[in-house]
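Take a look at the structure below.
The numbers here are math on the coordinates, done by the rules we state, and not lab data. Only a predicted model underlies this, so the values are computations on that prediction, with no experimental measurement involved. Here the Cβ positions follow ideal geometry from the backbone for every residue, glycine too, while neighbour counts run over all protein chains shown.
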Ligand SMILES: Cc1cc2nc3c(=O)[nH]c(=O)nc-3n(C[C@H](O)[C@H](O)[C@H](O)COP(=O)(O)OP(=O)(O)OC[C@H]3O[C@@H](n4cnc5c(N)ncnc54)[C@H](O)[C@@H]3O)c2cc1C
């Protein structure tokens, strides 16, 4: 009889686990059910680019059907909320208010993490079109901003600043980071990122070892924020919160979690505080205490978990499948706009950051190469300069006769010191190095 595996969360970790079982599902040995709050699959690492480029935002999100493999694909249930984990069952509610409890032979928790900021990932589980609409509101605000304050100088904060300083160079960006080093990966990476930021078309100021109290805001009357150490940051009209990450474990009693709310797993990837004799409970990816917030770890844990799910299905004992201390020190890659990048390891990694990560924030590579999505290719609009400004909705194309050092956005005037659209004149030129472009 086939066993049922319920995977809660269809992000990179959950997808890896689900796809690893596709051979057994095809033989009818296992039924895989994915519960997710969203109606689409998302790699999340592309989010800084999705914030500035609508074509990229759209193309990076895929229907589950496209990222799940095999002739017997998992059933995906879009849930409003998971309401409880029981001994051998999961309870959830659907969007129409119905509650259900689904029995399981094994449960895999892969619910990832959320950010305090509303735009860092789709933690509310909005359907794709509603999420794209939310991103478009962000872009509208960003297109009008003159000084953006980014709270948090981890990889995501740095990458968002890099996108701004590339696509919207007349808008100043200030990053405030509580730690001494951007990206949290030591002095050498920090200095490399600083040098990369300085080389971008726009101006990025960096304050480290300090904190600022600022709530996320799309449009403010310009105001001054003062850091804890007394540095004034004046004229801020938009605040981006890129700090404050927490695991998505609200449906699990806190006494079964570590002090920060993560699920503690052992080397079998089971969570001893959740697992029972009848039904093992595994945790993988960001939600586990050893996910370290990294895509690669999420995928590795998903694959490793499959080994024990297969043991379970075969009636064999579960074994050690994962080094919970490993994966901590993988090099960190940060893109700085579409052409620059930095990494926490020597030359080849820096080269990879520029050549491999920056062009599509890895999304163009990760979907086909890491997740086996066939025929995935980002369009030229998604890979190219980002029409960040709200009025330039038309696709961009080359225009002969325009100086090759210009980008031209019709209907939008831009010049030094001005970031918002204001009718005519109809062309504004900025950003050297880029090819000649005009909207059709
Ligand atoms: C802006 C940004 C940039 C990043 N850049 C990098 C990078 O450059 N390199 C890198 O290695 N990592 C990066 N990361 C981290 C990387 O994206 C994560 O490590 C990875 O996505 C973790 O995968 P996951 O499947 O564990 O969790 P998630 O990607 O968070 O997926 C969790 C899934 O569970 C669903 N879910 C959540 N709660 C529930 C619930 N209660 N019920 C049902 N479903 C639920 C969600 O909808 C989602 O589909 C970045 C993250 C962000 C936010």
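Semi-axes of the equivalent ellipsoid of the range 92-238: what are they in whole Å, largest first, if each equals the square root of 5 times a C-alpha gyration tensor eigenvalue?
Numbers: eigenvalues 226, 79, 44 Å².
Semi-axis lengths for the range 92-238 are 34, 20, 15 Å.
One decimal place: the segment residue 356-residue 98 gains 88.4 nm when fully extended, by the rule 0.36 nm per residue minus the C-alpha distance.
Relative contact order (percent) for the range 38-79, with alpha-carbon contacts under 8 angstrom and 6 or more residues of separation? In percent, rounded to a whole number, it is 43.
Using the Kirkwood formula over every pair of different C-alpha atoms, what hydrodynamic radius in Å results for the chain? With all distinct Cα pairs of the chain included, I get 22.8 Å. A Förster distance of 45 Å, applied to the separation of the beta-carbon atoms of residue 27 and residue 118, puts the FRET efficiency at 0.55.
Between residue 246 and residue 58, the FRET efficiency from the beta-carbon distance, with R0 = 25 Å, is close to 0.35. Percent of Cα pairs in the range 144-214 per distance bin of 5 Å, from zero to the largest separation: 4, 19, 31, 26, 14, 5, 1. The stretch between residue 198 and residue 296, if pulled fully straight at 0.36 nm per residue, gains 32.4 nm over its current Cα-Cα span.
Axis angle, to the nearest 10 degrees, between helix 128-144 and the longest C-alpha principal axis of the chain: 30 degrees. Fully extending the segment from residue 215 to residue 86, taken as 0.36 nm per residue of separation minus the present Cα-Cα distance, adds 42.7 nm.
Estimated from helical segments only, the mean residue ellipticity of the chain at 222 nm is -6500 deg cm²/dmol, where each DSSP H run of four or more residues counts as -39500 (n - 2.57). Model label points for residue 66 and residue 2, set 7 angstrom from Cα along the Cα-to-Cβ axis, are 2.6 nm apart. When the alpha carbon gyration tensor of the range 59-143 is reduced to an equivalent ellipsoid, the three semi-axes, largest first, read 29, 17, 12 Å.
Apply 1/(1 + (r/R0)^6) to the Cβ-Cβ distance of residue 208 and residue 276, taking R0 = 60 Å, and write down the FRET efficiency to the nearest 0.05. Please report the intermediate quantities before stating the final value.
Numbers: r = 46 Å, r/R0 = 0.77.
Plugging the Cβ-Cβ distance into 1/(1 + (r/R0)^6) gives 0.80.
So for the chain, averaging the separation of alpha carbon pairs under 8 Å that are six or more residues apart and normalising by length, what relative contact order in percent results? Numbers along the way, then the final one.
Numbers: 1032 pairs, mean separation 76.5, N = 440.
For the chain, the relative contact order is 17 percent.
Would you work out the Kirkwood radius for the range 269-394? I mean one over the mean of 1/r across all pairs of different Cα atoms, in Å.
Details: mean 1/r = 0.0575 Å⁻¹.
Kirkwood radius, the range 269-394: 17.4 Å.
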